[in-house]
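*Asks:* Here it is: the structure, laid out below.
The values are calculated or read from the model by the stated rules, or taken from the named source; none is laboratory data. Everything numeric here is computed off the predicted structure, so don't read it as measured data. Here the Cβ positions follow ideal geometry from the backbone for every residue, glycine too, while neighbour counts run over all protein chains shown. To get the accessible areas, we keep the full protein, side chains included, count just its heavy atoms, and leave off ligands, DNA and RNA. Shrake-Rupley method; radii C 1.70, N 1.55, O 1.52, S 1.80 Å.
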Amino acid sequence: MSFLAPFAGLLAGGLGLAALLALHALKLRRRPVRVSSTLLWRDAVRDLEVNVPFRAPRPTLLLLLQALGVILLALAIARPVLGDSDRVPGRIIIVIDASASMSATDADSTGATRLDRAKRLAADRITALRRGSGVPEIAVVRAALEPRMAVAPTRSIEAAVAGIRAIEPTDQPLDPDALRTVLAALLDRPADAGEDPEATEDAQPTLWVFTDAGVSARDFPGWSGDIVPVLAEPGENTGIAALHASRDPADPAAARVFLRVVSNADRPAGVVADLSVRPLSGSGQAGPSTRVALQIPPATAEEPGSLTRTLSVRAPGASRIAVSLESGGVLASDDTAWVDLPDPSPPRTVVFAPDARADPFLMDVLGVLAPGAVSVHAPGETDALRGAGLAVYDRVTPARLPPIPSLGFGSAWPGTENAETAGRERIIAWDRTHPVLRDLSLSPVVFDRAVALPDASTPGVAVLAEARSGPVIIEGLGGGVRHIRVAFPLNRSNWAVDVGMPIFVAGAFERLAPGVRGEGTTRTTAAPIEVRANGESVRVMGPAESVVPVSAEGTATISPLALVGEYALAGAPETPTVAVSLLDAAESAVSVAPAERFGRAASASGPARASAEGRRELWPHALLASLFFMTLEWLIHARRARV
């Protein structure tokens, strides 16, 4: 137990007891009167002695009751509290975890979510805060993939509580790095800065993090505060952790679906998965669904139980495959996932080369990627672009970027100086994280002639690989579509006979015309979505709605959508709908973690409390007890006076 106003209580107690003792010690002096004799007044001697000023009071029941009443009244003024022996900090930052697992409905027997309980605990805790005549400065941050400020720093408890109650759930994972960046912005300091040893306790804010297991104390180096778990034991859950689909090369109308499901149960978990296929165009009928019974092994202390299966379905055209789990558990957002399959017909590819004679090695690769759909044309035959899905420029540079995605070898970027460099060179650096280059090595590539390509200072251009003379592979946007250029022609390098060249071309095709290799596309709540648009904005309609501006290049980048589900995109004719899934094994595990205390809070107060109901003030109980003893004293005094 601690006291919020100890000095006020001591002062009140001291003054009250002093006044009580003075009233019992100081008695009324009677006026002296001459009488003839005191013979009959001997019995009054005791009464006379009592009226002597400053005589020590005798202990009586009434005096004891009066003293108890005064002491309890002083105790109420001192405001005793239970539940937290720490002094209320001067600055508090409350972090509410709103990630996907916080939507699990295992917070209580009524089906409330963990987020509901976290908001209630946080609101109760700050409602109980008092600091003399004021309250600390309070800020509230909603933590998810993209943390945001829910309540700016304020000393209004009502505003803080209203902001906490307004926090909405998400189906996204929590990003600790992004959370630290937001917290650092509140203090105007680097995200990785440690705790300032010179800062006073009021200047150094305290974190109260209400979460299940999204973050832990190690995610907040240099900070001080509490990790407050929202519950002790998780409910059972089964969810889809991974989903992928690709077309069967031997039968393009068939698709192989890779599915991974996880369970946090400590025993084998049985679940039924339902697979359905429907056309992406929305005009056709959905095909018959496929039901598969799955038996997931039990979870261990380190990780959830996991099961992978490969299933086959018929998907003759551009299709969306939906996988749903029946009775998946306490988290609904991981029960359904989607993957979009491209049309099995490869896009028509047009190749432009001098005298319509393309490099034979390049044609071999294109023949494998787009069998029967490749045609070669002279540089001036631009009409061939009509109806094509991809353009390839071999040793020729077009006057302007085509309206469709394009790939070029020994082809300059239109609108820049068409200069060439000669001399033997090697590629010395490349972006190993880029989707086109991550599966290959460019260190063996040697070339002796190359065109000049723009560098990263050119708007919309990203450099993917460099030699000593400058960029040799770039990617850029033009007309709302992507274009990739390689500075050297294949016949002036050893890349044509290197195993990396077909891998590069296949990756470029998949980057420029997604689905050309028959690979499905999954979209999650953790990644942005980029679409081509034909207006000034794209309107997103679905579980979450927004309006996204279109860039000068004709593309719209939709920030990661907060909720899973299917969305309609108005203004994006090539991608009229998208389906967004969770696909996160950590969120599907719906784990819980114990309470933790870190930083100064840990060194000052030891282990963290197991609950977060806030401080419990005892002054109302002390006041009621004081009134009880005062009333009892009055009743006893009245009874004696009546006798």
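*Asks:* Under 10 Å from the Cβ of Val445, count the other residues' Cβ atoms, weight Lys and Arg +1, Asp and Glu -1, and hand me the total.
*Replies:* Summing Lys and Arg as +1 and Asp and Glu as -1 gives -1.
*Asks:* Asp248 to Arg148: FRET efficiency via 1/(1 + (r/R0)^6), r the Cβ-Cβ distance, R0 60 Å, to the nearest 0.05?
*Replies:* For R0 = 60 Å, the calculated efficiency reads 0.85.
*Asks:* Trypsin sites (Lys or Arg not before Pro) within the range 299-377: which are DSSP loop residues with at most 14 other Cβ atoms inside 10 Å?
*Replies:* For trypsin sites (Lys or Arg not before Pro) across the range 299-377 that sit outside H, G, I, E and B with at most 14 neighbouring Cβ atoms in 10 Å, the list reads Arg357.
*Asks:* Are there any trypsin sites (Lys or Arg not before Pro) in the range 368-421 that are in a DSSP loop and have at most 13 other Cβ atoms within 10 Å? List them by number. Mind dumping the intermediate values first?
*Replies:* Working: sites: Arg386, Arg395, Arg400; in loops: Arg386, Arg395, Arg400.
For trypsin sites (Lys or Arg not before Pro) across the range 368-421 that sit outside H, G, I, E and B with at most 13 neighbouring Cβ atoms in 10 Å, the list reads Arg386, Arg400.
*Asks:* Can you pull the semi-axes for the range 295-422, root of five times each eigenvalue of the Cα gyration tensor, sorted largest first, whole Å?
*Replies:* 47, 18, 15
*Asks:* Counting Lys +1, Arg +1, Asp -1, Glu -1, what net charge surrounds Phe409 among other residues with beta carbon under 11 Å of its beta carbon?
*Replies:* My count for the surroundings of Phe409 gives +1.
*Asks:* Just name one of Gly225, Ser37, Ile404: the one whose Cα is farthest towards the positive end of the charge dipole of the chain (beta-carbon charges, Lys/Arg +1, Asp/Glu -1).
*Replies:* Checking the options against the dipole of the chain, the answer is Ser37.
*Asks:* Further question on the same structure: Roughly how many nanometres apart are two label points built 7 Å out from the Cα toward the Cβ at Arg34 and Ser546?
*Replies:* Each label point is offset 7 Å from its Cα along the Cβ direction, giving 10.6 nm.
*Asks:* With the other protein chains left in place, how much accessible area per residue, in square angstrom, belongs to the chain at a 1.4 angstrom probe?
*Replies:* Computed with neighbouring chains in place, this is 49 Å² per residue.
*Asks:* Whenever you get a sec, line up Phe504, Phe361 from highest to lowest accessible area (probe 1.4 Å, protein heavy atoms).
*Replies:* Order by accessible area, largest first: Phe361, Phe504.
*Asks:* Evaluate the relative contact order of the range 218-304 (contact order divided by residue number), counting alpha-carbon pairs under 8 angstrom at least 6 apart; express in whole percent.
*Replies:* Computed over the range 218-304, the figure is 24 percent.
*Asks:* Hey, another quick one. Could you please report the charge total around Ala293, scoring K, R as +1 and D, E as -1 over all other residues with beta-carbon less than 12 angstrom from its beta-carbon?
*Replies:* Result for the local shell: 0.
*Asks:* Hey, how many Å between the Cα centroid of the range 546-580 and the Cα centroid of the range 211-237?
*Replies:* If you average the Cα positions of each part, the centres end up 34 Å apart.
*Asks:* While we're on this one: Can you give the relative contact order of the chain as a percent, counting alpha carbon pairs under 8 Å and 6+ residues apart?
*Replies:* Computed value for the chain: 15 percent relative contact order.
*Asks:* Hey, another quick one. In nm, to one decimal, how far is the Val497 label point from the Glu536 one, both placed 7 Å along Cα→Cβ?
*Replies:* Those two pseudo-labels are separated by 5.8 nm.
*Asks:* What distance in nm separates the two pseudo spin-label positions at Ala422 and Ala638, each 7 Å out from Cα along the beta-carbon direction?
*Replies:* 12.0 nm
*Asks:* Hey, another quick one. I want the antiparallel fraction of DSSP beta bridges within the chain, as a percent rounded to 5. If you can, show how the numbers build up before the last one.
*Replies:* Values: 91 of 127 bridges.
In the chain, approximately 70 percent of DSSP beta bridges are antiparallel ones.
*Asks:* Then there's this: Rounded to the nearest 500, what is the 222 nm mean residue ellipticity of the chain from helices alone, with -39500 (n - 2.57) per DSSP H run of 4+ residues and division by all residues? Write out the running numbers ahead of the final one.
*Replies:* Working: 11 runs with 136 residues, N = 643.
Theoretical 222 nm ellipticity from helices: -6500 deg cm²/dmol.
*Asks:* Using 0.36 nm per residue, how much length does the chain from Glu168 to Glu566 gain when fully extended, once their Cα-Cα distance is taken away?
*Replies:* 141.4 nm
*Asks:* When the accessible area of the chain is split by element with a 1.4 Å probe, what percent falls to carbon and sulfur?
*Replies:* It is 56 percent, rounded to a whole number.
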